[in-house]
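One structure is given here, and the rest of the page talks about it.
Where a number appears in this text, it was derived from the coordinates with a stated rule and is not lab data. Keep in mind that what you see is a predicted model, and the values were worked out from it rather than measured. Here Cβ is always computed from backbone atoms with ideal geometry, including for glycine, and neighbour counts include all displayed protein chains.
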Amino acid sequence: MSSIEAFLARADELERSAAAAFDAAADAAALTDARNRFLGRTNSERAGLKDALGSLPGPDKPAAGRRYNELQQRLDALFETAEARVAAASRTISDTLDRTMPARATWQGSVHPVIQVINEIADIFRELGFTIALGPEVEHEWYNFGALNFPADHPAMDLHDTLYVNRPGLLMRTHTSPVQMRTLQRYAPPVRVLAPGNVYRRDFFDATHAPMFTQLEGLAIDEGVSFADLKATLMHFVKRFYGPGVPVRFGPSYFPFTEPSAQMGVQVDLNDGRGKRWMEIMGCGLVHPAVLESAGVDSERYSGWAFGMGPARIAMSRHVIPDIRLFYDSDVRFLEQFR
Ligand code: DAH
């Protein structure tokens with residue numbers, strides 16, 4: 001066998017085995033290995049063939065060179081085909097991911113709309129010198145009723161209305177008014193506090209009631225405080241909160257712990273087909289002297305006023321929401337609208 005024949009045979013063998021190796025490569029890594037083995041710059045089959053080409057006798061070189069170039073083109077083409085095949089195969093795997101899907105944003109909570117209302121109200125009253133006071137949700141009967149001048153047989157204390165705790169004298173507070181007493185026991189007048197918090201009643205869960213709801217209590221005690229201060233302050237609040245044009249109703253009411261007692265309402269249209277109507281947003285009044293005396297405050301020297309608001313109702317009127325349950329059943333799709 002002449003040396004050119006041996007060269008051409010070696011070229012054919014290289015073409016066959018390289019083609020088979022490229023074909024067999026199952027993934028990109030195997031294909032890269034095969035390419036290095038057959039086509040690499042150094043130490044590859046192709047490099048070996050090139051060396052062999054260099055050592056052929058001069059007259060054989062043109063024919064051997066043509067074959068070498070042709071082989072190189074064929075192998076490059078075979079490699080490209082294999083590369084496309086491997087890429088397509090790996091794409092099948094990544095296709096199980098939908099790359100057109102929007103990126104998943106980090107989930108972020110937000111301030112509950114009822115808390116937003118409390119914060120907003122607290123901002124308005126903060127400018128008037130009020131600070132925040134808190135009290136326990138499991139409360140003593142005396143703070144919840146007795147100290148607040150409820151007569152011993154008042155219907156609010158009935159099992160139908162109050163959730164009693166399985167310990168004598170304890171209950172889930174039915175309002176935030178007990179914080180009035182707790183504050184007056186701790187701090188000497190003048191006192192101006194706002195007490196937000198959850199309260200509990202044995203109520204059905206319907207469009208306007210919830211067995212747990214939020215209240216916001218206000219209390220201002222000082223020397224020479226009158227009903228005019230109460231009315232002026234609450235009018236100021238309503239105008240700040242709803243805007244100057246809001247129709248406000250201020251009328252008489254009754255609570256055991258205030259005398260006289262009043263209630264305040266705003267006109268709303270909750271877009272529920274019932275049209276415009278008055279919605280009570282708070283009860284209020286001059287603190288009953290008996291309440292001051294229970295706290296050890298001299299009712300001859302000091303007087304004051306108090307209110308209890310329903311921030312969820314205020315949020316209903318603010319956001320035109322006809323059903324109070326939406327605020328309390330924690331549906332994120334609803335709550336997200338108040339970010
Ligand atoms: N505690 C009352 C209730 O839950 C609301 C209330 C009315 C609070 C008048 C007050 C007030 O401080 O002065 O119905």
Roughly speaking, what is the stretch gain from ARG37 to ASP331, that is 0.36 nm per residue apart minus the C-alpha to C-alpha distance, in nm to one decimal? 99.6 nm
From zero outward in steps of 10 Å, how is the percent of C-alpha pairs of the stretch 47-100 spread across the bins? 20, 29, 18, 15, 11, 5, 0
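Using Cα-Cα distances under 8 Å and only pairs 6 or more residues apart, what relative contact order does the chain have, in percent? Walk me through the numbers before you get to the answer.
Numbers: 512 pairs, mean separation 50.0, N = 339.
Across the chain, relative contact order equals 15 percent.
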Set of lysines near LYS231 by C-alpha distance (under 19 Å), chain-local residues within fewer than 8 positions excluded: LYS239
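I need the chymotrypsin sites (Phe, Trp or Tyr not before Pro) found in the stretch 249-331, filtered to DSSP loop residues with at most 12 other beta carbons within 10 Å of theirs. Write down the numbers at each step before the final one.
Numbers: sites: PHE250, TYR254, PHE257, TRP278, TYR302, TRP305, PHE307, PHE327, TYR328; in loops: TYR254, PHE257.
When the chymotrypsin sites (Phe, Trp or Tyr not before Pro) of the stretch 249-331 are filtered for loop state and at most 12 Cβ neighbours within 10 Å, TYR254 remain.
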At most 15 other Cβ atoms within 10 Å and a DSSP loop assignment: could you name the trypsin sites (Lys or Arg not before Pro) in the stretch 172-250 that fit? ARG202
Given H placed on each backbone N at 1.01 Å, which residues far from ALA262 in sequence or on other chains put an amide H within less than 5 Å of it? SER253, CYS284, GLY285
Count the net charge of all other residues whose Cβ sits under 14 Å from the Cβ of ASP229, scoring Lys and Arg as +1 and Asp and Glu as -1. 0
At 20 °C and 1.002 mPa s, the Stokes-Einstein diffusion coefficient in µm²/s for the chain, with hydrodynamic radius from the Kirkwood sum on alpha carbon pairs, is 80
Filtered trypsin sites (Lys or Arg not before Pro), the stretch 8-73: DSSP coil and at most 12 other beta carbons within 10 Å: ARG41
The stretch 130-282, relative contact order in percent, only Cα pairs under 8 angstrom and at least six apart counted: 18
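Taking the convex hull of the alpha carbon atoms in the stretch 253-339, what volume per residue do you get, in Å³?
Details: hull volume 11.5 nm³, N = 87.
Each residue corresponds to 133 Å³ of Cα convex hull volume.
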Please get the size of the charge dipole for the chain, origin at its Cα centre, with Cβ charges of +1 on Lys and Arg and -1 on Asp and Glu, quoted in debye to the nearest 20. 820
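Would you calculate, for the chain, the mean residue ellipticity at 222 nm contributed by helices, counting each DSSP H stretch of 4 or more residues as -39,500 (n - 2.57) and dividing by all residues, to the nearest 500? Walk me through the intermediate numbers first.
On the way: 12 runs with 144 residues, N = 339.
Calculated from helices alone, the mean residue ellipticity at 222 nm is -13000 deg cm²/dmol.
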